[in-house]
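Novice: One structure, as structure tokens, below. Some questions next.
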Amino acid sequence: MATKRLARQLGLIRRKSIVPANGNLGSSKSKQLFDYLIVIDFESTCWNDGKHHQSQEIIEFPAVLLNTSTGEIESEFHAYVQPQEHPILSEFCMELTGIKQAQVDEGVPLKICLSQFCKWIQKIQQQKKITFASGVADLSTSEVKLCAFVTWSDWDLGVCLEYECKRKQLLKPVFLNSWIDLRVTYKIFYKRKPKGLSGALQEVGLEFLGREHSGLDDSRNTALLAWKMIRDGCFMKITRPLKKVVLKGVHPFPQLSHQPKTRPSLVMKKSPHHLLAPQGEGLPRRFSPLS
């Protein structure tokens, strides 16, 4: 496959999407570029007075691994995270998310959580031969399986994690610098604006399973919606790269980027020992305080 063509499929080259006017395509499951999708849906500290929205901290960090060929969730990661800036959860936050103060008190700081998450990523990479697309070179002859991250809006990875890592001077995993915004993908594919995740599920004939604003349940339901969209013929591609991606190849393990912070790189190196890279520039202008 030509490099330019694959770059376009990855979403690195913008073009107008040609999609059906509706999603009633039955079982016309499309051939996907990504063999796996990892769905993330954070829960964070929040208040009903609208204050502190610029200092929200992740308190639940879930991720589910979806096989785009079978629709099966093959692995999950989950951790409660201990907030450092505002350690006491508001009543509004506990009621909304169902997360109790004791759960975050017993949780781990974000730095440790990211390290645990990277170990989980490395484990599934080794087990399933998964790689993240940082470029396009020799993909047609590679035995590895491509994987992308999925979120419901750009808030989780483009705002919440990005800002918190910057405030706390934490190194953010380089592979979290690009993702598929399923909310935008849904809107383009079905030609209608979704009324939240639960509303989007209902519109395609599915029911939300579990508790809304539970990070793990939201992640599972987002994966369920992604699988339904794939079965309806939706082609999943990257919608949001935080940085310009350099087309220099794909390797199974991302490494620490030694570029200056003002000029970070998304190129993934061969070494499995460094899974973190400096956070980058360029953030979405709009965001929702709630996932």
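Novice: Within the range 103-117, identify whether any single residue is open to solvent by 40 Å² or more (accessible area, probe 1.4 Å), modelled with pLDDT of 95 or more and not in a helix (DSSP H, G or I), and answer yes or no.
Specialist: Scanning the range 103-117 turns up at least one residue that is open to solvent by 40 Å² or more (accessible area, probe 1.4 Å), modelled with pLDDT of 95 or more and not in a helix (DSSP H, G or I).
Novice: What number of residues within the range 130-150 satisfy the criterion of being modelled with pLDDT under 95 and open to solvent by 10 Å² or more (accessible area, probe 1.4 Å)?
Specialist: Of the residues in that region, 10 qualify.
The values are calculated or read from the model by the stated rules, or taken from the named source; none is laboratory data. Here the structure is a predicted model, which means the values were calculated and not measured. Ligands, DNA and RNA are stripped out before the accessible areas are found, and what is left, the full protein with its side chains, is counted by its heavy atoms. Shrake-Rupley method; radii C 1.70, N 1.55, O 1.52, S 1.80 Å.
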